[in-house]
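Asker: Take a look at this one; I'll ask things after.
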Amino acid sequence: MKLLPRDAPPRTVWALEQTGVHPLLARLYAGRGVQDPQELDNQLKHLLPPSGMKGMDQAAQLLADAIAQQQRICIVADYDCDGATACAVALRGLALLGAQHVGFIVPDRVVDGYGLTPSISKRVHATGAQLLITVDNGIASVEGVAAAQALGLKVLVTDHHLPGPELPQADALVNPNQPGCTFQSKSMAGVGVMFYVLLALRAALRTRGVFSKDSEPKLDGLLPLVALGTVADVVKLDANNRRLVAQGLQRMQRGQLPPGLAALFNVAGRDVARASSQDMGFAIGPRINAAGRLSDMTLGIECLRTDDAGLALRLAEQLDAINRERRSLEGEMREQALLIAESLMDTDDEPPAALCVFDEEFHEGVVGIVAARLKDLHYRPCFVFAASESEGQAVLKGSGRSIPGFHLRDALDAVVKMHPGLLLRFGGHAMAAGCTLLEDDLATFEIALQQIAEQWLSPATLAQSLETDGSLEASYMRPDVVLELQNQVWGQGFAPPVFQDQVQVLGQRIVGDKHLSLKLKLHGQDIDGIWFGRTEPLPAQALLAYRLDINTWQGRDKLQLQIETMQAP
């Protein structure tokens, strides 16, 4: 691994410091492309206006009419954390704004597949609903939307995924990534899009005289859920998304959050008063996602929508148990996948240009996580497949993860051009994608993907590197600095700070059978370190990349370095 310090332009650092930004934060922000101090102002008044999103006015009027006519509304959610939070935000927000009959349906990952299908549209119609709203899905549901409208339903699609060649002919469609939309934040999560629809709906109801500026319902109580879904979906944290996340975190820390979210912090053993984006990404989000992977996302949605603290805790405990099961299953699958991947190595122990792994025992709900683990280990685009069914037909469903420089959805598109009809379904983004195919076609897919990877990947693309924030001055090696860093919003596209320094290794031992506990000397002072998942010993001197952390033991906070990697010799 090569360590590459970010460039933090001195003039930009100085300019940020002049506005009162902490000198260390000024360097970190400048290294991430921040130039204007207003980008760091997280007040709600700086959010981009909903009116800038294409289709927003039609959506607001459609919803306002439905509320005025007391129509039955049914939300069709996705089965991940973004979909669950978007559904909970819609349920809570629509109720605040006067909707009286709102239900939801969440497809089953295995039985129904992804998105608004014709069969899901029939289920919505059977509930007596007159308006169908998709959250975090629908942009690719051309047939599902048409089926719903044929049954007499009005359809509002809210989504953030990239559109295909044909758009659904919904009554209203809101997606910042649809053609012709000039909204500046293309990275908004599905939950953010739904929150914006509610803002626009409130404005429309105000114009109609339903509310006045003084009497209208407050929607900022939804921001903790918006923050959770945004972080958990690993969308790019541009300035607008950072504001949404920061506002949500502030309310969590003040105790202004739904009972279900508070209960999830409780079962995860996290202190909500010190809530961070890392908590949402690595502790809370996975517990919601586990329901959609192994059980029924209805559990997650009910946990987030309830105002009954007792029920919320019971649901959170169920989600925690499902997540423990998910971790166990993932571990078993990962071990088997690693063995299969090792069998694909060439004589030089090099993996192929792209990895495809399948086993009859793999669980469809965990293939994406295992693909991510394989990708991280071998630094190759990777697909993991599991046996499934689609419309009564035995198929394989695969989830893929990629590396920078290899656009996974474009690669699947290239596979289809090479072999028309090979993929029954496919979609996704640059770094993550999914596809469905017949088991007999797996070998053809594997060969085609490897051919594309051999053409597109270069030695430079395959050279692993890690961007760091350079050396950390000794004066910043303090617990209060760690807390200041943890209080900022970090995530995808706005990476958490990682520093690099030459250290002396004074002692090392294995803890928990798989982690390396270290005694280090840095800048002349002794400091503890931990390298999770590593058991190989370090040399006496090493250039390490690390995060600053606090290890709390017996009520005492002590500075600790969390090691990320080591510079290759």
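Asker: Taking 7 Å along the Cα-to-C-beta vector as the label spot, tell me the residue 471-residue 447 distance in nanometres, rounded to one decimal.
Answerer: 5.5
Asker: Mind checking which lysines have their C-alpha under 22 Å from residue 154, skipping anything on the same chain fewer than 8 residues away?
Answerer: Within reach: 54, 122.
Asker: Right, next: Given N residues in the range 37-84, what is Rg(Cα) / (2.2 N^0.38 Å)?
Answerer: 1.65
Asker: Could you please tell me the mean projected area of the C-alpha convex hull for the range 1-152, averaged over all directions and given in square nanometres to one decimal?
Answerer: Its average projected convex-hull area is 13.9 nm².
Asker: Relative contact order, percent, of the range 45-321 when contacts are C-alpha pairs under 8 Å separated by at least 6 residues?
Answerer: Relative contact order of the range 45-321: 22 percent.
Asker: Going by how many other Cβ atoms sit within 10 Å of their own, how do 364, 166, 467 line up, fewest first?
Answerer: Starting with the residue having the fewest Cβ neighbours, the order is 166, 467, 364.
Asker: If you take every residue apart from residue 365 with its C-beta less than 9 Å away from the C-beta of residue 365, what net charge results, scoring Lys and Arg +1 and Asp and Glu -1?
Answerer: +2
Asker: While we're here: How large is the dipole of the range 466-566 about the Cα centre if only Lys and Arg carry +1 and Asp and Glu carry -1, each at its Cβ, rounded to the nearest 20 debye?
Answerer: Charge dipole of the range 466-566: 360 debye, to the nearest 20.
Asker: Then there's this: Within 10 Å, Cβ to Cβ, of residue 84, how many net charges do the neighbouring residues add up to if Lys/Arg are +1 and Asp/Glu are -1?
Answerer: Once all neighbours under 10 Å are counted, the net charge is -4.
Asker: Then there is this: Please compute the contact order of the chain in relative form: average sequence separation of alpha-carbon pairs under 8 Å and at least six residues apart, divided by the residue count, as a percent.
Answerer: Rounded, it is 12 percent for the chain.
Asker: Please name whichever of 533, 231, 70 sits farthest to the positive end of the charge dipole of the chain, dipole taken about the Cα centre and charges placed at Cβ: Lys and Arg +1, Asp and Glu -1.
Answerer: Final value for the positive-end residue is 70.
Asker: Read phi for every residue in the range 251-260 and hand back ³J(HN,Hα) as whole Hz from Karplus 6.51 cos²θ - 1.76 cosθ + 1.60, θ = phi - 60°, with x for Gly and Pro.
Answerer: 6, 4, 4, 8, x, 9, 8, x, x, x
Asker: Mind running the shape call on the range 383-425? Use the C-alpha gyration tensor, a ≥ b ≥ c as the square roots of the eigenvalues: rounded below 1.5 for a/c, prolate if a/b tops b/c, oblate otherwise.
Answerer: oblate
Asker: Same structure again: Can you compute the charge dipole magnitude of the chain about its Cα centre, using +1 on each Lys and Arg Cβ and -1 on each Asp and Glu Cβ, nothing else charged? Give it in debye, rounded to the nearest 20.
Answerer: 1860
Asker: If amide hydrogens are placed 1.01 Å from N in the peptide plane, which non-local residues have theirs closer than 5 Å to the one on residue 138?
Answerer: Result for residue 138 returns 116.
Asker: Which pairs in the list 186/397; 375/514; 186/417; 519/558 are over 18 Å apart, alpha-carbon to alpha-carbon?
Answerer: 186/397; 375/514; 186/417
Asker: Another question, if that's okay. Under the classification rounded if a/c is under 1.5, otherwise prolate if a/b is larger than b/c and oblate if not, where does the range 45-321 fall, given a ≥ b ≥ c as square roots of the Cα gyration tensor eigenvalues? Mind dumping the intermediate values first?
Answerer: Values: a/c = 1.44, a/b = 1.23, b/c = 1.17.
In terms of gyration-tensor shape, rounded.
Asker: Where both partners of a DSSP beta bridge lie in the chain, what percent of those bridges are antiparallel, to the nearest 5?
Answerer: Percent antiparallel among DSSP bridges in the chain is about 65.
Asker: Normalising by the residue count of the range 332-456, find the relative contact order in percent from Cα pairs under 8 Å and 6+ residues apart.
Answerer: 21
Asker: Say each of residue 360 and residue 274 gets a label point 7 Å from the Cα, pointing the same way as Cα to Cβ; how far apart are those two points in nm?
Answerer: 5.0
Asker: Additional query: Taking the Cβ of residue 211 as the center, what net charge do the other residues with Cβ under 15 Å away carry, scoring Lys and Arg +1 and Asp and Glu -1?
Answerer: Taking every Cβ under 15 Å from that of residue 211, the sum is +3.
Asker: What shape does the chain take by its C-alpha gyration tensor, where a ≥ b ≥ c are the square roots of the eigenvalues and a/c under 1.5 counts as rounded, a/b above b/c as prolate, and the rest as oblate?
Answerer: oblate
Asker: How would 546, 379 line up from fewest to most surrounding beta-carbon atoms within 10 angstrom? All intermediate terms of the calculation are to be shown ahead of the outcome.
Answerer: Numbers: 546 26, 379 15.
Listing 546, 379 from fewest to most nearby Cβ atoms yields 379, 546.
Computed from the coordinates by the stated procedures, all read-outs in this text should not be read as laboratory data. Quick caveat, the model's predicted, so the values are computed rather than measured. Cβ sites come from the backbone with ideal geometry, for glycine too, and all protein chains shown count toward neighbours.
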